[in-house]
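Accompanying notes for the structure given below.
The values are calculated or read from the model by the stated rules, or taken from the named source; none is laboratory data. All values reported here derive from a predicted model rather than from experimental measurement. As a convention, Cβ positions derive from the backbone with ideal geometry for all residues, glycine included, and neighbour counts pool all protein chains shown. Surface accessibility is based on the protein's heavy atoms, side chains included, excluding ligands, DNA and RNA. Shrake-Rupley method; radii C 1.70, N 1.55, O 1.52, S 1.80 Å.
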Amino acid sequence: MSNPTKYIFITGGVTSSLGKGIIAASLAKLLQARGFTVTIQKLDPYINVDPGTLNPYEHGECYVTDDGAETDLDLGHYERFLNVPTSKANNVTTGRIYQSVIEKERKGEFLGKTVQVIPHITDEIKSRIKQLGKTGQFEYVITEIGGTVGDIESLPYIEAVRQLRWELEGNCAVIHLTLLPYLSTTGELKTKPTQHSVKLLLEHGVQPDILVCRTEHPVNKDIRKKLALFCNVAQESVIEAIDASTIYEVPILMEKEKLDVMVLKKLGIDATEAPKLDNWKNFLEKFHNPKTEVRIGLIGKYVELKDSYKSISEAFIHAGAVNDCKVIVDWIHSESLTEENIDEKFSSLKGILVAPGFGNRGIDGKLIAIKYARENKLPFLGICLGMQCTVIEFARNVLGLKDAHSREMNPATNSPVIDLLENQKSISHMGGTMRLGAYACEIEAGTLAHSIYKTDRISERHRHRYEFNNEYKKQFTDAGMVLSGVNPEGGLVEIVELPDHPFFIGVQFHPEYKSTVENPHPLFISFVEAALKK
Ligand code: GLN
């Protein structure tokens with residue numbers, strides 16, 4: 001690659017949760033659709049080394065990359081939009097930055113110097129940003145700075161952006177995402193919070209090149225003019241980001257507003273041709289015009305916060321479009337399910353998915369749900385803990401092992417059908433120590449899994465400490481459960497299924513992490529198809 005990598009920074013102002021991740025992913029999509037290679041990085045200002053130790057209620061789903069990083073859920077959006085895998089380097093937290101600076105200090109690498117936020121922390125931040133450019137794989141690196149300008153914890157990141165603007169000269173652009181609140185009493189969009197948040201950025205030495213304004217109402221010319229005047233940006237660089245019916249519409253809205261053209265202009269690149277978005281638009285066409293609907297229950301214990309299962313609900317959207325239908329997800333709290341109410345709760349469902357999770361809370365409800373799906377031939381997909389519960393339910397109700405359990409929930413069980421992975425037994429630290437990332441799985445011919453994947457060997461992503469206990473293999477297979485996918489290195493059971501059922505499958509891995517708009521996941525496609533047939 002002859003041209004230097006271009007760096008685009010996205011900061012946020014006024015409030016959090018404005019959707020910087022979606023704006024970053026949409027811009028990346030538009031650049032990709034112009035033939036450029038792009039990656040997106042998220043810098044998170046919190047002190048956890050990674051989000052793997054966070055409760056989903058705190059921060060939503062923990063996303064997992066092929067190389068085994070536990071990351072912010074925005075990386076899921078990046079992959080779903082770009083259809084290009086991310087890696088460890090795409091998500092960096094303050095905890096990680098400090099950890100490596102302190103490690104270097106302990107090794108004596110700073111040669112007696114006082115170690116300080118500037119330059120040592122900011123240097124580490126800058127090197128993490130430039131690391132993606134140095135791989136030579138990307139012409140554009142888009143870096144999303146988590147948090148809101150003005151937060152104490154994001155200051156070193158803003159300072160790093162200020163320094164990089166000098167170092168990178170013309171190869172750098174800054175986009176500031178803000179909110180234009182609407183006052184219904186006067187019927188106006190207000191610009192003052194945006195003016196103030198740009199002033200705050202300026203105090204830290206960063207002049208944004210482009211303003212992206214989240215709004216519930218169209219932004220008229222006068223408002224654009226006013227924002228341009230007060231914030232030192234060109235009027236055409238004031239971009240409206242109006243509420244969209246789906247996140248997948250945002251690239252199209254950003255194309256109309258010429259966000260990509262303005263970014264390229266700032267970077268001195270001609271943008272004569274239009275981005276090629278045919279596949280994307282085909283998907284949207286199908287998404288907006290479903291021929292039918294299908295209702296699927298998602299059984300989990302974090303259902304109050306839908307972000308906890310972000311990748312699963314997005315995978316249903318992708319698979320729905322392939323099947324020309326709208327998947328309506330019924331969010332069902334596993335703690336709310338009992339033998340008494342299950343008939344009524346499941347009466348309108350055409351399929352159920354039992355979600356991943358940790359710990360004992362809600363387990364009984366999951367087992368009741370799986371028993372119902374097995375006995376009533378309701379299409380069923382169990383993911384990770386959902387697969388482990390499938391094994392427990394079968395052990396208890398078919399094999400007659402009444403106290404069968406996972407050692408995670410009951411270490412004293414006499415029938416540990418799910419047990420701790422051997423190499424987990426010596427582990428004491430919780431952070432980053434699960435079986436993480438992509439592992440191979442060999443699929444047996446003639447099984448449901450094989451008819452779904454249509455191949456003998458797959459690679460899927462993992463995040464777990466427990467596994468199917470192979471000492472029970474014979475008992476399970478004798479009773480009719482098919483262990484259709486196995487990891488070739490260790491013999492770990494990756495997929496279980498029941499043949500005398502229209503669709504009953506549990507997977508130890510997380511197919512949801514790999515479903516993208518352009519590459520919807522085969523397991524979800526087949527599951528939705530089975531639900532439609534029910
Ligand atoms: N708690 C289970 C384990 O650690 C399942 C994890 C998950 O569902 N991601 O093995």
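Taking K and R as +1 and D and E as -1, what net charge do the other residues with C-beta under 12 Å from the C-beta of residue 128 add up to? Don't jump to the answer; show the numbers that get you there.
Details: positive: 42, 88, 96, 126, 130, 134; negative: 44, 123, 124.
Every neighbour counted, the sum reads +3.
Of all accessible surface on the range 339-413 at a 1.4 Å probe, what whole percent is carbon and sulfur? Don't jump to the answer; show the numbers that get you there.
Values: 1240 of 2710 Å².
Of the solvent-accessible surface of the range 339-413, carbon and sulfur hold 46 percent.
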*Taking amide H positions as placed 1.01 Å from N in the peptide plane, with prolines and chain starts having none, which residues 5 or more places from residue 173, or on another chain, fall under 5 Å of its amide H?*
7, 8, 9
*How far is helix 94-107 tilted off the main Cα axis of the chain, in degrees rounded to 10, range 0 to 90?*
80
*Taking only Cα atoms, what is the 0 to 90° angle, nearest 10, from helix 155-168's long axis to the longest principal axis of the chain?*
60
*asked:* Roughly how far apart, in whole Å, are the Cα centres of the range 47-97 and the range 439-487?
replied: 27
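Report the full-extension gain for the segment residue 407 to residue 477: residue separation times 0.36 nm, less the Cα-Cα distance, to one decimal in nm. Numbers along the way, then the final one.
On the way: separation 70, 0.36 × 70 = 25.20 nm, distance 2.13 nm.
So the extension gain works out to 23.1 nm.
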*Where nothing but the Cβ of Lys and Arg (+1) and of Asp and Glu (-1) is charged, how large is the charge dipole of the range 398-503 around its Cα centre, in debye to the nearest 20?*
320
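Quick check: residue separation of residue 288 and residue 53 times 0.36 nm, minus the Cα distance between them. What number comes out in nm? Before the final figure, lay out the partial values.
Working: separation 235, 0.36 × 235 = 84.60 nm, distance 3.73 nm.
Length gained, residue 288 through residue 53: 80.9 nm.
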*Would you mind telling me the share, in percent, of accessible area of the range 437-534 contributed by carbon and sulfur at probe 1.4 angstrom?*
48
*In nm, spacing of pseudo-spin labels at residue 88 and residue 199 (7 Å Cα→C-beta vector)*: 4.4
_Positive end of the dipole of the range 388-534, charges at C-beta (+1 Lys, Arg; -1 Asp, Glu), about the Cα centre: which of 429, 470, 490 has its Cα farthest in that direction?_
429
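Express the accessible area of the range 408-519 per residue in Å², computed with a 1.4 Å probe while the remaining protein chains stay in the model.
On the way: 4830 Å² over 112 residues.
With all protein chains present, the range 408-519 gives 43 Å² per residue.
Taking R0 as 22 Å, what FRET efficiency do you get between residue 489 and residue 451 from their Cβ-Cβ distance, rounded to the nearest 0.05? Working shown, then result.
Values: r = 25 Å, r/R0 = 1.13.
Using R0 = 22 Å, I get an efficiency of 0.35.
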_Report for the range 429-509 the percent antiparallel among DSSP-assigned beta bridges with both residues inside it, nearest 5._
100
*Distance between Cα centroids, the range 305-377 to the range 407-434: provide it in whole Å.*
26
*Residues listed by number, the range 47-79, amide nitrogen under 18 Å from residue 459 label point at 7 Å toward C-beta*: 64-70, 79
*Would you mind checking the tilt of helix 310-322 against the longest principal axis of the Cα atoms of the chain, expressed as 0 to 90 degrees and rounded to 10?*
80
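Taking a probe of 1.4 Å, how large is the accessible area per residue of the range 158-240, in Å²?
Numbers: 3980 Å² over 83 residues.
For the range 158-240, the solvent-accessible area averages 48 Å² per residue.
Please give the per residue accessible area of the range 42-83, computed with a probe of 1.4 Å over protein heavy atoms only, in Å². Write down the numbers at each step before the final one.
On the way: 1200 Å² over 42 residues.
I get 29 Å² per residue for the range 42-83.
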*State the percentage of accessible surface on the range 243-282 attributable to carbon and sulfur atoms; use a 1.4 Å probe and exclude ligands, DNA and RNA.*
47
*Spin-label pair residue 397/residue 130, simplified geometry with 7 Å Cα→Cβ offset, distance in nm*: 6.0
*Relative to the present Cα-Cα distance, how much length would full extension add between residue 307 and residue 137 at 0.36 nm per residue of separation?*
58.1 nm
*Roughly how many nanometres apart are two label points built 7 Å out from the Cα toward the Cβ at residue 338 and residue 245?*
4.1
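With both bridge residues required to lie in the chain, what share of the DSSP beta bridges run antiparallel, to the nearest 5%? Each step should come with its number before you reach the end.
Numbers: 23 of 75 bridges.
Antiparallel bridges make up about 30 percent of those DSSP assigns within the chain.
Can you compute the FRET efficiency between residue 162 and residue 3 using 1/(1 + (r/R0)^6), with r the Cβ-Cβ distance and R0 = 35 Å? Round to the nearest 0.05. Walk me through the numbers before you get to the answer.
Working: r = 24 Å, r/R0 = 0.68.
So, using R0 = 35 Å, E works out to roughly 0.90.
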